[in-house]
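To start, the structure under review is shown below, and the notes come after it.
The values are calculated or read from the model by the stated rules, or taken from the named source; none is laboratory data. What you see is a predicted model; the values in this text were computed from it and never measured. Counting neighbours? That spans all protein chains shown, and the Cβs are built from the backbone with ideal geometry, glycine included.
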Amino acid sequence: MAREIFSDLANKWALLIIEALGDRTLLFGELRDEVEGVSHKMPTQNLRMLEHNGLIHREVTPSSRHGSSTPTPNPAGPVLHPSTAATRAVCRKIGTATT
């Protein structure tokens, strides 16, 4: 079980989604805007997986075709934040170097 959850968290989109959510609730479109370069499909798959693993609470409202996600208290948050922050810093350096 722990191996499966760790494998799910090792997914780059999952880490970026967890970081984007932080301690707040975001609508699906807001979350997609926060995570640069993500397709429509990837947040949906990852939100379902994170909800299945108990890392977020996800609520889908069929009438508006929008969903929102809220992180649940997660002891891994303080560990994951430095990893995602470092990844973003490297991406900024790469972006600056290529422009």
With criteria (1) exposed (fewer than 15 other Cβ atoms within 10 Å of the Cβ); (2) modelled with pLDDT of 80 or more; (3) closer than 22 Å to Arg88 by Cα; (4) not small (Gly, Ala, Ser), Glu59 comes up short on (3)
Please enumerate the residues belonging to region 26-56 that are of a type outside the set (Asp, Glu), farther than 17 Å from Arg88 by Cβ, touching a His at 6+ places or on another chain (Cβ under 8 Å) and in a helix (DSSP H, G or I).
Phe28, Gly29
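Quick grid of which residues meet (1) farther than 22 Å from Ala2 by Cβ; (2) in contact with a strand residue (DSSP E or B) (Cβ under 7 Å, 6 or more places away or on another chain); (3) free of Cβ contacts under 8 Å to residues at least 60 places away in the same chain:
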| position | (1), (2), (3) |
| --- | --- |
| Glu19 | no, no, no |
| Phe28 | yes, yes, yes |
| Leu31 | yes, yes, yes |
| Val35 | yes, no, yes |
| Ser39 | yes, no, yes |
| Thr44 | yes, no, yes |
| Arg48 | no, no, yes |
| Glu51 | no, yes, yes |
| Ile56 | no, yes, yes |
Based on what the data block shows, is Asn74 outside any strand (DSSP E or B) and modelled with pLDDT under 70?
yes
Would you be able to tell me the number of residues in region 12-25 that are closer than 21 Å to Arg92 by Cβ and assigned to a loop (DSSP other than H, G, I, E, B)?
1
Tell me the residue from Arg24, Arg88, Arg65, Arg3 that is at pLDDT 80 or above and not aliphatic (A, V, I, L, M), please.
Arg24
